[in-house]
Amino acid sequence: MTSIIRPRLFITFQMSSQFIRSLKRVFDLDYQDIPACLSHEQILSRIRANPPNAILFPATAKIDKEVISAAGDKLKMLAAFSVGYNHIDLKECKKRGIPIGYTPGVLTDTTADSAITLLLATSRRIAEAMRTVRNGEWGTSSDMMWMCGKPLINSTIGIVGLGRIGLAIARRLQPFSIQRILYSGTREKYFDSDKDKKLFKFVQFEELLHESDFVIIACALNEKTANMFNKKAFEQMKNDAILINIARGGIVDQDALYDALKNGQIRAAGLDVTVPEPLPTDHPLLTLENCTIFPHIGSADEYARHQMAQICVDNLLNFFSGKPMVHQLQIDKL
Amino acid sequence: MTSIIRPRLLINNQIPSQFIRALEPVFDLDYQDIATPVSQEQILSRIRAQPPDAMLLFGKILIDKELLSIAGDKLKMVATTSVGYDHIDVKECQNRGISIGYAPGVIADVVADLAVTLLLVTSKRINEAMRAVRNGEWGTSSDIGWMCGKPLANSTIGIVGLGHIGLAIARRLQPFSIQRILYCGKHEKQFDSENDKKLFQFVQFEELLRLSDFVIIACALNDETRNMFNRKAFEQMKNDAILVNIARGGIIDQDALYDALKNGQIQAAGLDVTVPEPLPTDHPLLTLDNCIIVPHIGGGDLSVRYQMIQISVDNLLNFFSGKPMVHQVNLDNA
């Protein structure tokens, strides 16, 4: 009717056309339908050329002070296509009063599935196993230990951070004849059933390291957890322990991990996250047989991605029509 | 005391010395403490040279008419450390009055673990994912569908053969937010809990193929199941179905599987068993990205291997002291 100025939205990654269509009705889009990743520089120059009112971006885009200042006062909202938010300068957003939409919850199932995939693939040495099929090593040994894995039966599982995802991981491991689940974190959880009260035990981080056969990192990255898995932590772990990280790469000190894996201080590691991402192809961790690395595919399932995109679109449409977002990050409570 | 003639025992594989010590007081051993595998030909010539009263066998040595006639009347018992006995000509053993000991039960947990491992690594495309980390493909695409896997949430699982192992697989998949489990086989199982009655549904093989998102083969290989997964079976499966085989390679017609994977009739396959084993390194299935093959490591867990040998040793000792074996193949039902 009247000539309302349409808000301008910068989308930094490729999305399915159905979502682009619903956004086009409300926004003027700065969007390129190509699968290439935008560099930090490219993001900055696009923002400088056409300052947007909102930015829609994945976890791989760093929204730091520089990006936010480049956008200036025009920027009214950030729509993160992610569950995590450590790629965003929250302080700067708070200072400028920029609200952040994100997509929590939807990734719980698929991330827990990925954690179990990584744990099983690492303990059963799947990468090595596949290689022996291809290189003709299969069948050349009658050694009974050949390709033997580490059993889950009667094992002690340690989960660092028993949030939604940590608990979903625990539930998936329960039928694997495990013995018990230790967990550490900011506080003890309450369980209703007697079975759970017996199965789960809240312990200090050091005790978890000391007792666990499998250690799974499922906590957020923050000042307390950054480099939590350092040289000292690996020294406290069992020599045949397996470490799984599906949370954030920064929680593990990678140099210390390399030494621990190389020297047999721990048996193996499975990582879905690294520092940096992508990991350089000549990184020392990639030379180790006992380190399985996935390219951050924890949330890579078509159904979950679709749900995330839908939440982002709804966050944007709601915000710019004056309604509450579906999921707004509570910056004040962090 | 008196000069009793000690039975002669042929062992085809290196085993830990504790088991040798347990067998030595009773048997004259034909045993070589070396880690190289023994071929069918070598076994035949060892039998010709010195016919044994019993054999303790690992792996794929065929106990066929040829071997049994070379062994002749002297052979009284065969102890296989495996759960399956499709490599043994059971009828011929029956004709000759040869008893067969085997080792069921203990392996169910680890095989079920591997079945879930294979299902997850296949659905999450981890062979491609790990390659992307190593070859620098990681980070080059902003496509949100990159490396997306097939979700387990709300899926229909089809299990062909709901025995010990099939049921252990089902129990492990239950917490993965799956929708239901279809199974086929000789007869319907009785479940006690209401939950189970809702979750499990007994169907015909064709219906299982038509409705399942994931199809897991967990049945024995016999005349009815040989090449059960043929061209016709693949035609009936969903185009995005994933097939997992942890039972026996002979249940699948591999040429038909190759075509089904190549033509997109099904999405992917994960195999722990093939025909032959080891699979030749130039086999067409190894050229496919959507086929993950591991070298028959289903039972690959040290504690399980020890248990299986222990059962076989007990089978031997019991049989030759006139007691019932721990686990004897019932020749009338076989």
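Here are a few things to note about the model shown:
Results for (1) within 13 Å of another protein chain (Cβ to nearest Cβ); (2) under 22 Å from A:Thr108 (Cα atoms); (3) open to solvent by 20 Å² or more (accessible area, probe 1.4 Å), shown as yes or no for each residue.
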{"residue": "A:Gly270", "(1), (2), (3)": "yes, yes, no"}
{"residue": "A:Phe294", "(1), (2), (3)": "yes, yes, no"}
{"residue": "A:Glu302", "(1), (2), (3)": "yes, yes, yes"}
{"residue": "A:Met308", "(1), (2), (3)": "yes, yes, no"}
{"residue": "A:Asn315", "(1), (2), (3)": "no, yes, no"}
{"residue": "A:Asn318", "(1), (2), (3)": "no, no, yes"}
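- Any hit, the stretch B:285-307, residues being more than 9 Å from chain A (Cβ to nearest Cβ), among the small types (Gly, Ala, Ser), in contact (Cβ under 8 Å) with a residue 24 or more places away in the chain and farther than 17 Å from B:Ile165 by Cβ: no
- Residue match in the stretch B:5-18 (condition: part of a loop (DSSP other than H, G, I, E, B), away from chain A (no Cβ under 14 Å) and surrounded by 15 or more Cβ atoms within 10 Å (Cβ to Cβ)): yes
- Filtered residues of the stretch B:169-182 (kept if outside any helix (DSSP H, G or I) and within 11 Å of chain A (Cβ to nearest Cβ)): B:Gln174, B:Pro175, B:Phe176, B:Ser177, B:Ile178
- Residue in the stretch A:92-121 that is farthest from the other protein chains (Cβ to nearest Cβ), counting only those that are open to solvent by 10 Å² or more (accessible area, probe 1.4 Å) and in contact with a Ser or Thr (Cβ under 7 Å, 6 or more places away or on another chain): A:Tyr102
- Residue count for the stretch A:27-43 satisfying the condition of being surrounded by 16 or more Cβ atoms within 10 Å (Cβ to Cβ) and within 27 Å of the chain's Cα centre (by Cα): 4.
- Among the residues of the stretch B:113-129, those that are facing chain A (nearest Cβ under 7 Å) and either closer than 24 Å to A:Thr108 by Cβ or of a type in the set (Phe, Trp, Tyr) (or both) comprise B:Asp113, B:Val116, B:Thr117, B:Leu120, B:Val121, B:Lys124, B:Ile126, B:Ala129.
- Close Cβ contacts (under 6 Å, 6 or more residues apart or on different chains) running from residues in the stretch A:142-167 that are without any contact (Cβ under 8 Å) to a residue 60 or more places away in the chain and away from every other protein chain (no Cβ under 13 Å) to residues that are open to solvent by less than 10 Å² (accessible area, probe 1.4 Å) and hydroxyl-bearing (Ser, Thr, Tyr) comprise A:Thr156/A:Ser212; A:Gly158/A:Ser212; A:Ile159/A:Tyr183; A:Leu162/A:Tyr183.
- Some residue of the stretch A:177-193 being surrounded by 18 or more Cβ atoms within 10 Å (Cβ to Cβ), in contact with a helix residue (DSSP H, G or I) (Cβ under 7 Å, 6 or more places away or on another chain) and not in a strand (DSSP E or B): yes
- Some residue of the stretch B:234-248 being away from every other protein chain (no Cβ under 12 Å), open to solvent by 20 Å² or more (accessible area, probe 1.4 Å) and either of a type in the set (Asp, Glu) or in a helix (DSSP H, G or I) (or both): yes
- Flag set for B:Gly166, criterion: part of a helix (DSSP H, G or I) and within 23 Å of the chain's Cα centre (by Cα).
- Summed over the stretch B:183-203, the residues that are outside any helix (DSSP H, G or I) and either under 23 Å from the mean Cα position of the chain (by Cα) or not polar (S, T, N, Q) (or both) give a count of 12.
- Out of B:Ser177, B:Ser212, sole residue that is assigned by TED's automatic domain parsing to the domain that holds B:Leu162, on the phi > 0 side of the Ramachandran plot and surrounded by 19 or more Cβ atoms within 10 Å (Cβ to Cβ): B:Ser177
- B:Ser193 free of Cβ contacts under 8 Å to residues at least 60 places away in the same chain, more than 10 Å from chain A (Cβ to nearest Cβ), open to solvent by 20 Å² or more (accessible area, probe 1.4 Å) and of a type in the set (S, T, N, Q): yes
- Subset tally (residues that are assigned to a loop (DSSP other than H, G, I, E, B) and away from chain B (no Cβ under 11 Å)) for the stretch A:1-17: 7
Residues are listed down the side, and each one gets a yes or a no for (1) of a type in the set (Val, Ile, Thr); (2) modelled with pLDDT of 95 or more; (3) under 23 Å from B:Ser321 (Cβ atoms):
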{"position": "B:Arg8", "(1), (2), (3)": "no, yes, yes"}
{"position": "B:Asn13", "(1), (2), (3)": "no, no, no"}
{"position": "B:Val38", "(1), (2), (3)": "yes, no, no"}
{"position": "B:Pro52", "(1), (2), (3)": "no, yes, yes"}
{"position": "B:Lys60", "(1), (2), (3)": "no, no, no"}
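- Take the conditions (1) surrounded by fewer than 19 Cβ atoms within 10 Å (Cβ to Cβ); (2) closer than 30 Å to A:Met15 by Cα; (3) of a type in the set (Lys, Arg); (4) more than 7 Å from chain A (Cβ to nearest Cβ); B:Arg134 misses just one of them, which is (4).
- Qualifying residue in the stretch B:137-159 (condition: more than 8 Å from chain A (Cβ to nearest Cβ) and either in a helix (DSSP H, G or I) or aliphatic (A, V, I, L, M) (or both)): yes
- Close pairs (6 angstrom Cβ cut-off, 6 or more residues apart or separate chains): under 15 Å from A:Gly298 (Cα atoms) in the stretch B:134-147, surrounded by 14 or more Cβ atoms within 10 Å (Cβ to Cβ) and at pLDDT 85 or above anywhere: B:Trp138/A:Pro278; B:Trp138/A:Pro295; B:Trp138/B:Ala132; B:Gly139/A:Pro278; B:Ile144/A:Arg305; B:Met147/A:Ile297; B:Met147/B:Ala129
- The one condition from (1) in a helix (DSSP H, G or I); (2) buried (at least 19 other Cβ atoms within 10 Å of the Cβ); (3) more than 7 Å from every other protein chain (Cβ to nearest Cβ); (4) modelled with pLDDT under 95 that B:Val110 does not meet is (3).
- Scan of the stretch B:19-44 for residues that are assigned to a loop (DSSP other than H, G, I, E, B), within 14 Å of chain A (Cβ to nearest Cβ) and crowded, with 16+ Cβ neighbours inside 10 Å, ordered by number: B:Tyr31, B:Pro37, B:Val38
- Residue within the stretch A:238-249 that is touching a residue at least 40 places away in the same chain (Cβ under 8 Å), over 28 Å from A:Phe81 (Cα atoms) and assigned by TED's automatic domain parsing to the domain that holds A:Leu119 present: yes
- Scan of the stretch A:131-141 for residues that are facing chain B (nearest Cβ under 7 Å) and either of a type in the set (Lys, Arg) or open to solvent by less than 10 Å² (accessible area, probe 1.4 Å) (or both), ordered by number: A:Thr132, A:Val133, A:Arg134
- Test for B:Leu56: is it within 14 Å of chain A (Cβ to nearest Cβ), closer than 16 Å to B:Val313 by Cβ and part of a strand (DSSP E or B): yes
The values are calculated or read from the model by the stated rules, or taken from the named source; none is laboratory data. Remember, predicted model here, so these are calculated numbers, not experimental data. Here Cβ is always computed from backbone atoms with ideal geometry, including for glycine, and neighbour counts include all displayed protein chains. Quick note on the areas: whole protein, heavy atoms, side chains included, nothing else; ligands and nucleic acids left out. Shrake-Rupley method; radii C 1.70, N 1.55, O 1.52, S 1.80 Å.
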